[in-house]
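Asks: A single structure is presented below for examination.
Nothing in this text is a laboratory measurement; each read-out follows from the coordinates by a stated rule. Owing to the predicted nature of the structure, the values given are computational and were not obtained by experimental measurement. Cβ sites come from the backbone with ideal geometry, for glycine too, and all protein chains shown count toward neighbours.
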Number of protein chains: 2
Amino acid sequence: MKYYRGCEQSIAIADVNRAVEAAFAEHGKGNVQMPPKLYITFDAGDFRTMPAYLPALDIAGVKIVNVHPGNRARGLPTVMALTVVLDVDTGLPKALINATELTAMRTGASGAVAAKYLAPKRSITLGVIGSGRQADAQVAAIADVAAVEEILVWSRTQKHAEMFAERHARYNARSVSIVRACDCDVLVTTTPSTQPLVQAAWIHEGTHINAIGADAPGKEELDPALLLRAEVFVDDREQAIHSGEINVPIRQGLYSPDDIAGTLGEVVNGTKHRSSPEAITIFDSTGLAIQDLAVARLVVDTEGGIELPFP
Amino acid sequence: MKYYRGCEQSIAIADVNRAVEAAFAEHGKGNVQMPPKLYITFDAGDFRTMPAYLPALDIAGVKIVNVHPGNRARGLPTVMALTVVLDVDTGLPKALINATELTAMRTGASGAVAAKYLAPKRSITLGVIGSGRQADAQVAAIADVAAVEEILVWSRTQKHAEMFAERHARYNARSVSIVRACDCDVLVTTTPSTQPLVQAAWIHEGTHINAIGADAPGKEELDPALLLRAEVFVDDREQAIHSGEINVPIRQGLYSPDDIAGTLGEVVNGTKHRSSPEAITIFDSTGLAIQDLAVARLVVDTEGGIELPFP
């Protein structure tokens, strides 16, 4: 059994995007085992347990990831993650991986896969709502699959948006109003909001949206009217209904699971797609354990680990 | 974050019994979070993911445990386990524990707790069906809570039963027929059987049975007629219905969840108990994540760990 530090420096974004795309392809074919993630809640946060098995990559395991909003004040990341990889043939735990950075990368990668297949253009203006770690990860991953000509960023705290724009100056990034940020080809939303931020009227035809922030019951970033106007592709039906962008509108009776256009895996496999260049498409991301396993495979294959005595 | 080898030498059986009893008491009061374990299946075996939170012990985490019946031929244990402990206040993974031996000990401990509260006598003849690692663990744990005057062991392979009897010579252990082994005060069944082995007619009044082997759908060791004649206490209702001794009879319509007499936690708390000295009682064990966390707390408090870089 080895412990891996999961350094993002040791794996290439293009490889992560490819691995995550392969995992979604398997998911779209129904070739994975992945029960919906389990939530345990604390006063100060929660943690999620995400087991899966990806036979095509010969990898199985569990990601464990917390969300503790008060951690920044303690000098710790809000989200930390650990992935345990088991040997398929013997069940031996063979790798323990610090998956904190990898979690950000694999979520970015799912946005890149969605943009690759659902955005109607290859040369894009990228709108970004929120300016934290995941906003950075979306930019890095999407820039691998599309030519990012301009970035329009909005964040609740303008200073943070300006710092984000500086970090992404090579893509002509600038801090703008939320309405202006929505006037783009690909929009990514990455906030922890529990209220719709993006109004339906602000989004023009042909826009693709990666709705990333909502990943737990009660969270939402998009006007429910926008969901009804758009073609919504989820990462996983069961998880999205429980905790994705559509979870609150479904509970409120404003959206029905029958309205879901398909899964990202089906899009990758070509069985589902945007209906026309004018359609608005939304990728509703909750984060899948198979994405974590796909990235874990890269880490085990490229990074040196620390040997631990087991069994 | 520290890695612990989980050596059984470093913790005392009496402490494990006490910790597991405390965990069941919390479970009986409804003071735990513990979703039913998730199963992932392979061609060669399976693994189970078991998250939980025990507020009274300020401990939360996940046990991951496999069952690969072909492992012995590869020189590996059939069952191996790893427990990840998370800090409740920050979600930081603070301990990784080799839980292979600890899993056997905490299962033994639940049998000891059941025998302590449900066996009508303190000085006992112990019947043992099966002679593997868990049979040893049951003996060690029960001997801490009762005077074991004699052990009657039966195993499918007589040679294994004889070796077991030698290991437990200080308790006057001897290899006998299965019918003879059932003529005892406390019976423990620890086989991987998928067919009833113990017939109702062989069990006399006042016997307490720890039914340990059945911990997955399709497994059973006891004649369903025995379940109906007895008072069945489960470790956890949902898990027992899904994968405990009662799972097959329930699926066959021979037993109803309404027939369950209570949980071990309720027995520990005194809200449920055997109805008379003549009753036959059964403890249906599936194994709970809170038992693993209770033992993890002991390990972290007593064993030196290997420091690992995280986050």
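Asks: Please state the relative contact order of the range B:11-70 as a whole percent: Cα pairs under 8 Å, 6+ residues apart?
Replies: Values: 72 pairs, mean separation 15.8, N = 60.
Relative contact order comes out at 26 percent.
Asks: What are the ³J(HN,Hα) couplings of the range A:228-238, residue after residue, when phi is run through the Karplus curve with 6.51, -1.76, 1.60 and θ = phi - 60°? Round to Hz, x for glycine and proline.
Replies: After applying 6.51 cos²θ - 1.76 cosθ + 1.60, I find 6, 7, 10, 9, 9, 10, 9, 6, 8, 4, 5 Hz.
Asks: Which one of A:Gln138, A:Pro224, A:Thr194 has its Cα pushed farthest toward the positive end of the charge dipole of the range A:109-287, where Lys and Arg give +1 and Asp and Glu give -1 at the Cβ?
Replies: The residue sitting most towards the positive pole is A:Gln138.
Asks: Additional query: Filter the cross-link list B:Lys121/B:Lys272; A:Lys29/A:Lys121; A:Lys121/A:Lys159; A:Lys29/A:Lys94 down to pairs whose alpha-carbon distance in this structure exceeds 29 Å.
Replies: Going by Cα-Cα distance, A:Lys121/A:Lys159 fall outside the 29 Å limit.
Asks: Let me ask something else. Roughly how many nanometres apart are two label points built 7 Å out from the Cα toward the Cβ at B:Asp15 and A:Ala200?
Replies: Computed distance between label sites B:Asp15 and A:Ala200 equals 6.2 nm.
Asks: Could you work out how far helix B:100-118 tilts from the main Cα principal axis of chain B, as a 0 to 90 degree angle to the nearest 10?
Replies: It works out to around 50 degrees.
Asks: Then there's this: Near the amide H of B:Ile209, under 5 Å away, which other amide H atoms are found, from residues 5 or more places off or on another chain, if H is placed in the peptide plane?
Replies: Placed amide hydrogens put B:Leu187, B:Thr281, B:Ile282, B:Phe283 under 5 Å from B:Ile209.
Asks: OK, next. Is there a simple number for the mean count of other chain Cβ atoms within 10 Å of the Cβ of residues in A:60-68, and what is it?
Replies: So the per-residue partner count for this stretch is 5.
Asks: Give me the percent relative contact order of chain A, please, defined on Cα pairs under 8 angstrom at least 6 residues apart.
Replies: Details: 744 pairs, mean separation 68.6, N = 311.
Reported as a whole number, the value is 22 percent.
Asks: Now, a different point. How big is the C-alpha Rg of the protein assembly as shown next to the rule-of-thumb value 2.2 N^0.38 Å, as a ratio?
Replies: Ratio of Cα Rg to 2.2 N^0.38 Å: 1.07.
Asks: Where the label is 7 Å out from Cα toward Cβ, how close does B:Gly304 come to the same position in every other copy, in nm, shortest first?
Replies: Ordered by increasing distance: 2.6 nm.
Asks: Within a 10 angstrom radius of each residue's Cβ in A:98-108, how many Cβ atoms of other chains show up on average? Whole number is fine.
Replies: Mean shielding by partner chains, rounded to a whole number: 1.
Asks: Where the label is 7 Å out from Cα toward Cβ, how close does B:Asp46 come to the same position in every other copy, in nm, shortest first?
Replies: So the label point of B:Asp46 gives 2.6 nm to the other copies.
Asks: Also: So what's the back-of-envelope 222 nm ellipticity for chain A, counting only DSSP H runs of four-plus at -39500 (n - 2.57) apiece and dividing by all residues, rounded to 500? Each step should come with its number before you reach the end.
Replies: Details: 10 runs with 96 residues, N = 311.
Result for chain A, helices only: -9000 deg cm²/dmol.
Asks: Say a label goes 7 Å from Cα toward Cβ at B:Ala169 in every copy; what distances in nm does this one have to the rest, shortest first?
Replies: Here B:Ala169 shows inter-copy label distances of 8.2 nm.
Asks: At what distance in nm do the modelled label points of A:Lys29 and A:Asp58 sit from each other, each positioned 7 Å from its Cα along Cα→Cβ?
Replies: Result for the modelled spin labels: 1.6 nm.
Asks: What translational diffusion coefficient, in µm²/s and rounded to a whole number, does the Stokes-Einstein relation yield for the range A:207-291 at 10 °C and a viscosity of 1.306 mPa s, taking the hydrodynamic radius as the Kirkwood radius over Cα pairs?
Replies: 126 µm²/s
Asks: List every residue whose amide H lies under 5 Å from the amide H of A:Gly132, counting only residues 5 or more places away in sequence or on a different chain, with H placed 1.01 Å from N in the peptide plane.
Replies: Here the answer is none, since no amide H 5 or more places off falls under 5 Å of that of A:Gly132.
Asks: Nothing charged except the Cβ atoms of Lys and Arg (+1) and of Asp and Glu (-1): what's the magnitude of the dipole of the protein assembly as shown about its Cα centre? Round to the nearest 20 debye.
Replies: Working: 56 positive and 74 negative charges, 139 e Å.
Once rounded to the nearest 20, the dipole reads 660 debye.
Asks: Tell me, which longest segment in chain B has none of the GluC sites (Glu not before Pro) that fall in DSSP loops with at most 14 further Cβ atoms within 10 Å?
Replies: B:1-204
Asks: Based on the alpha-carbon gyration tensor of the range B:79-123 and its eigenvalue square roots a ≥ b ≥ c, which shape applies: rounded if a/c is under 1.5, prolate if not and a/b is larger than b/c, or oblate?
Replies: oblate
Asks: Continuing with the same structure: So for the range A:2-128, what percent of the C-alpha to C-alpha distances run longer than 18 Å? Kindly include the intermediate steps, with their values, before the conclusion.
Replies: Working: 5047 of 8001 pairs.
Of all Cα-Cα pairs in the range A:2-128, 63 percent lie more than 18 Å apart.
Asks: Evaluate peptide B:73-80: per residue, the Cβ atoms of other protein chains within 10 Å of its Cβ; return the mean as an integer. Intermediate results must be reported in sequence, preceding the final value.
Replies: Numbers: counts 0, 3, 1, 6, 4, 2, 1, 9.
So the per-residue partner count for this stretch is 3.
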